[in-house]
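Participant: This is the structure I have questions about; it appears just below.
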Amino acid sequence: MAYANPEDKRAYNRAYRAANRDRRAEYSRQWYAANRERARETGRQWREANPERIKENGRRWREANRERHNEKSRRYAAANPERVVESQRRSRDSLEGREARRRHEARRRARKLRATYIEHVDPLVVLELYDGVCGICGEDVDPFDYHVDHIVPLSKGGFHSLTNSQPAHPSCNLRKGSKSAPEVPAVK
C-alpha cells in the first residue's frame, strides 16, 4: 500500500508497533537468544566507535534523572565501600585527577572572591603564551614547578581568564600575594 503523505505512513507504523508490541518483543528475545554472540560483537563495535555519544547520552540521562542517579550512587557506595575508596585514590593520584582538582580549586577560589568572569584556564596554555617566562620577575620558570598568577588579583575585581593570567615562580607569586603588579616590591 503506497502512501502519498509520509505522516500517514508514520501514523500507520506507530499504530502497528503499538498493536504488535508483545509479538515484536518475543521475536526480539528469540533472535537475541539465537544470535547472542553476534549481537554482543555488534554492540561492542558500536560502543568502541561511539564513545562520545555514550558519554553524552549518560550525561543527559543523569541530568533528567538526578534523584535516581544519586540514589543509585548512594546504594553502590554503601554496598562497595572498598571499591569506592580505591577508585577515589586512583583518581586522586592520577595526573588527570590532580589537574582536575587544580582546575576545580581555581574556579572555587574565583567564585569565593566573587570574580565577575570565570573561564577555564589551562596552566600549560598560560605557560606557552608567555614562552615560559615569569610575568612578575621576567626570568624563565621551571615548567614542572610554577604558579598561574592573576595579573589583576581576583580580590580587586580581576577575571579568572587567560587574558588575566600569567606564569610565575612560586616565590614571586607568593611575594606578590593579592597586590597588583606596580605594588609588588622588587627583589634585591
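Participant: Report the charge-dipole magnitude of the stretch 6-91 in Debye, nearest 20, computed about the Cα centre from +1 at each Lys and Arg Cβ and -1 at each Asp and Glu Cβ.
Facilitator: 80
Participant: Here's a follow-up. Say R0 is 35 Å: what FRET efficiency, to the nearest 0.05, do A19 and R53 get from their beta-carbon distance?
Facilitator: 0.65
Participant: Right, another one. Given (1) 85, 33, 29; (2) 89, 50, 31; (3) 66, 64, 38, which label gives Cα extents along the principal axes in Å as computed from the coordinates?
Facilitator: Answer by label: (2).
Participant: If you average the alpha carbon positions of the stretch 66-109 and of the stretch 143-177, how far apart do those two centres end up, in angstrom?
Facilitator: Each part's Cα centre sits 28 Å from the other's.
Participant: Where does each of E119, E26, E52 land when they are ranked from fewest to most other beta-carbon atoms within 10 angstrom?
Facilitator: Taking fewest neighbouring Cβ atoms as first place, the list is E52, E26, E119.
Participant: If we count every other residue with Cβ under 14 angstrom of R60's Cβ, Lys/Arg +1 and Asp/Glu -1, where does the sum land?
Facilitator: +3
Participant: Using a simple spin-label model with points 7 Å from Cα along the Cα→Cβ vector, what separation in nm is obtained for S180 and E63?
Facilitator: That separation, rounded to one decimal, is 4.0 nm.
Participant: Let me know the charge dipole size of the chain about its Cα centre in debye, to the nearest 20, where only the beta-carbon of Lys, Arg (+1) and Asp, Glu (-1) is charged.
Facilitator: Roughly 1420 debye, rounded to the nearest 20.
Participant: So, one more: Let me confirm the definition first: pairs of Lys residues in the chain, 8 or more apart or on different chains, C-alpha distance under 22 Å. How many are there?
Facilitator: 8
Participant: Also: Would you mind ranking E67, E41 so that the residue whose beta carbon has the fewest other beta carbons within 10 Å leads the list?
Facilitator: The most exposed by this proxy come first: E67, E41.
Participant: Per residue of the chain, what 222 nm ellipticity follows from adding -39500 (n - 2.57) for every DSSP H run with n ≥ 4, rounded to the nearest 500?
Facilitator: -19500 deg cm²/dmol
Participant: Using θ = phi - 60° and the Karplus form 6.51 cos²θ - 1.76 cosθ + 1.60, what ³J(HN,Hα) does each residue of the stretch 136-146 get, whole Hz, x for Gly and Pro?
Facilitator: With coefficients 6.51, -1.76 and 1.60, one gets 9, 9, x, 8, 5, 9, 6, x, 9, 8, 8 Hz.
Throughout, read-outs are computed from the coordinates displayed, never taken from laboratory work. Nothing here was measured: the structure is a model prediction, and the numbers come from that model. Quick reminder, even Gly has a Cβ in these numbers, built from the backbone with ideal geometry, and neighbours come from all protein chains shown.
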